[in-house]
Structure formats: structure tokens, C-alpha cells
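Undergrad: Below is the structure I would like to discuss, written out as C-alpha cells.
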Amino acid sequence: MPRLLAGKLVIATHNAGKLAEMRELLSPYGVAAIAAAELGLPEPEETGASFVSNAVIKARAAAGSANIPALADDSGLCVAALKGAPGINSARWAGVARDFGAAMKKVEQALHAANARAPIRAHFVSALALAFPDGEAQSFEGKVFGELVFPPRGNLGFGYDPIFLPDGFSRTFGEMTGHEKHGIPADDSPALSHRARAFQAFARACLVNR
């Protein structure tokens, strides 16, 4: 049985883009979202073999250190022609400097090396994990499918957004506003982005005042 969440929680990320999205998604629920960086929490080593396991690692570490519930996201880009890479290593492809311009170039080079032909099918995955100080954790996952485009287009998103064209759209995530990308429809039908879809599952299970 999922535990309901109210009051405040830690967003267990040091990624400014993810933090902004999560705060926007949480704002209608009256939940005060504190960034892990604001509390000086370190980033734990992500040793999991899946998005879910890495999200749980991050959420449990933050909840244990802050002694309040923590919400963590682990997400990435999975490219069919690259056998699912970069996948859980999506952030690592950007290096220590988190240079996603270089990461997108690396994806393009890997596709050339694999002799991949358009359309280049890919999907984004987001796993959200909510953990409590007692160690209990629950997770929720969202996906969005599309194809990759080069050169990158748009500068409104972050990460790999400028090369991802979701199915049924003519603009990349990098060309969409935050509301277009992760706005929750009034009828609670599936949102567009992977993170918003994972959030919808989390909100239905764990948030009050809907």
C-alpha cells in the first residue's frame, strides 16, 4: 500500500533542469521541495543496473541524510540502434562537466560507427523513487518514444532534449516550452514527457489534495 506524502521532501538531484521540472510538477500539491544541494547532500554512487534501482539508491541516501522523505529521478535516453545505450549511462556520456553538447555528438558518432539509418528510433525513460527515512521506497516509471534528429534543435530543454523528436510532433523537446513538455492535462490523460508520466503515477499513489 503506497504511503501518502505531505509537507516537505528533498528532491535528490543536483541537476538544475530536473529540479526545476520537479518543483513545477509538485507545486499544485502544496509540497515544499528542498534541493539536495541546498542541504549540502552528496551525490551517492549510482551502482544500480536499472533506472529504478539507481533512483532508489539516490532517494534512500537523501532521505536517510535529511531525515525527511526524498524523491529521486533516474532517467536517460535509450537508442535502439545502439542496443539501448547510453541508457543508465546517459549522464556519464556527458562527462564530469555535464557537457550534453558533447554527449549528443557522442551519440551521433556512435550511430555513424554502427551504420545506423534514419529513422533512428529512441525512447526516454524516467524512474521516480520516493523513499522515507526508515528506508521504505516505492518507484514509478514513465517512457516516451520517438526518433533522433541531427543536428540538435532548440535550447529550451536540457540534456538530450534537442535531438529527441517525440512521436506525433514536429518539434524536438529542445524546441518545446516546459508546459508543453511536462504539463499535466486537466483530465489526467498521459502527459508528453517521460518524467511527467512517471510523476502522474507517483501523484496518483502518493500525493494528497488532488
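The values are calculated or read from the model by the stated rules, or taken from the named source; none is laboratory data. All values reported here derive from a predicted model rather than from experimental measurement. Heads up, the Cβs are rebuilt from the backbone with ideal geometry, glycines too, and the neighbour counts pull from every protein chain shown.
Undergrad: In the range 159-177, what residues are surrounded by fewer than 19 Cβ atoms within 10 Å (Cβ to Cβ) and among the hydrophobic types (A, V, I, L, M, F, W, C)?
TA: Scanning the range 159-177 gives a single hit, Phe169.
Undergrad: If you go through the range 178-210 one residue at a time, how many are of a type in the set (Lys, Arg), in contact with a Leu (Cβ under 7 Å, 6 or more places away or on another chain) and surrounded by fewer than 15 Cβ atoms within 10 Å (Cβ to Cβ)?
TA: So in the range 178-210, the residues of a type in the set (Lys, Arg) come out as 181, 195, 197, 204, 210.
If we keep only those that are in contact with a Leu (Cβ under 7 Å, 6 or more places away or on another chain) as well, we get 181.
Pick out the ones that are also surrounded by fewer than 15 Cβ atoms within 10 Å (Cβ to Cβ) and you get none.
Result for the range 178-210: 0.
Undergrad: Here's a follow-up. If Ala113 meets every condition in (1) among the aliphatic types (A, V, I, L, M); (2) farther than 19 Å from Val52 by Cβ; (3) at pLDDT below 95 apart from one, which number is that one?
TA: (3)
Undergrad: Quick check on this structure: which one of Pro162, Pro151 is more than 25 Å from Val56 (Cβ to Cβ), assigned to a helix (DSSP H, G or I), of a type outside the set (Asp, Glu) and modelled with pLDDT of 95 or more? Working first, answer last.
TA: Working: Pro151 fails: assigned to a helix (DSSP H, G or I).
It is Pro162.
Undergrad: For the range 21-40: of the residues being assigned to a helix (DSSP H, G or I) and of a type outside the set (A, V, I, L, M), which is surrounded by the most Cβ atoms within 10 Å (Cβ to Cβ)?
TA: Going through the range 21-40, the residues assigned to a helix (DSSP H, G or I) turn out to be 21-29, 37-39.
Retained after the next criterion (residues that are of a type outside the set (A, V, I, L, M)): 21, 23-24, 27-29, 38.
On the way: Glu21: 24, Arg23: 15, Glu24: 17, Ser27: 10, Pro28: 12, Tyr29: 15, Glu38: 11.
Across the range 21-40, the extreme among qualifying residues is Glu21.
Undergrad: Tell me the residue from Lys105, Lys18 that is over 21 Å from Gly183 (Cα atoms), not in a loop (DSSP other than H, G, I, E, B) and not small (Gly, Ala, Ser), please. Please lay out each step first, then the result.
TA: On the way: Lys18 fails: over 21 Å from Gly183 (Cα atoms).
Unique residue meeting the criteria: Lys105.
Undergrad: A further question on this structure: Conditions: (1) within 19 Å of His182 (Cβ to Cβ); (2) outside any strand (DSSP E or B). Lys143 meets all but one. Number of the miss?
TA: (2)
Undergrad: Can you tell me which residue within the range 1-15, out of those that are outside any strand (DSSP E or B) and within 25 Å of Arg98 (Cα to Cα), is modelled with the highest pLDDT? Explain how you work it out, then say what you get.
TA: Taking the range 1-15 first, the residues outside any strand (DSSP E or B) are 1-4, 6-7, 12-15.
Adding the requirement that they be within 25 Å of Arg98 (Cα to Cα) leaves 12-15.
Numbers: Ala12: 91, Thr13: 84, His14: 80, Asn15: 80.
Step by step, filter the range 1-15, then rank; the result is Ala12.
Undergrad: Sticking with this one: Select from the range 81-93 the residues that are crowded, with 16+ Cβ neighbours inside 10 Å, part of a helix (DSSP H, G or I) and in contact with a strand residue (DSSP E or B) (Cβ under 8 Å, 6 or more places away or on another chain) and list them in ascending order.
TA: Ala81, Gly87, Ile88, Trp93
Undergrad: Quick one: Val79 ticks every box in (1) under 15 Å from Ala131 (Cα atoms); (2) touching a residue at least 24 places away in the same chain (Cβ under 8 Å) except a single one, so which number is it?
TA: Every listed condition holds for Val79 apart from (1).
Undergrad: Next question, about the same structure. Taking the stated definitions as given, is Leu156 outside any loop (DSSP other than H, G, I, E, B) and either farther than 27 Å from Leu71 by Cα or touching a helix residue (DSSP H, G or I) at 6+ places or on another chain (Cβ under 9 Å) (or both)? Full working, then the answer.
TA: Details: outside any loop (DSSP other than H, G, I, E, B): no; either farther than 27 Å from Leu71 by Cα or touching a helix residue (DSSP H, G or I) at 6+ places or on another chain (Cβ under 9 Å) (or both): yes.
So Leu156 does not fit the description; no.
Undergrad: Can you tell me which of Ala37, Ala94, Ala70 is small (Gly, Ala, Ser) and in contact with a Phe, Trp or Tyr (Cβ under 6 Å, 6 or more places away or on another chain)? So that I can check it myself, show each step before the final result.
TA: Working: Ala37 fails: in contact with a Phe, Trp or Tyr (Cβ under 6 Å, 6 or more places away or on another chain); Ala70 fails: in contact with a Phe, Trp or Tyr (Cβ under 6 Å, 6 or more places away or on another chain).
Only one candidate passes the filter, namely Ala94.
Undergrad: Looking at (1) in contact with a Ser or Thr (Cβ under 7 Å, 6 or more places away or on another chain); (2) of a type in the set (Gly, Ala, Ser); (3) at pLDDT below 95, can you tell me which one Ala118 breaks?
TA: (1)
Undergrad: Across the range 101-138, which residue is surrounded by the most Cβ atoms within 10 Å (Cβ to Cβ) among those that are touching a residue at least 12 places away in the same chain (Cβ under 8 Å) and basic (Lys, Arg)? Can you show your working first?
TA: Narrowing the range 101-138 to residues touching a residue at least 12 places away in the same chain (Cβ under 8 Å): 101, 103-104, 106-108, 110-111, 114, 116, 118-133, 135-138.
Going one step further and asking which of them are basic (Lys, Arg), we end up with 106, 121.
Details: Lys106: 17, Arg121: 15.
Among residues in the range 101-138 that are touching a residue at least 12 places away in the same chain (Cβ under 8 Å) and basic (Lys, Arg), the one surrounded by the most Cβ atoms within 10 Å (Cβ to Cβ) is Lys106.
Undergrad: Determine the pairs where a residue that is farther than 20 Å from Leu111 by Cα and without any contact (Cβ under 8 Å) to a residue 60 or more places away in the chain, located within the range 142-156, has a partner that is β-branched (Val, Ile, Thr) and assigned to a loop (DSSP other than H, G, I, E, B) with Cβ atoms under 8 Å apart, the partner being 6 or more residues away or on another chain.
TA: Short answer, once both residue conditions are applied: Gly154/Thr172; Leu156/Thr177.
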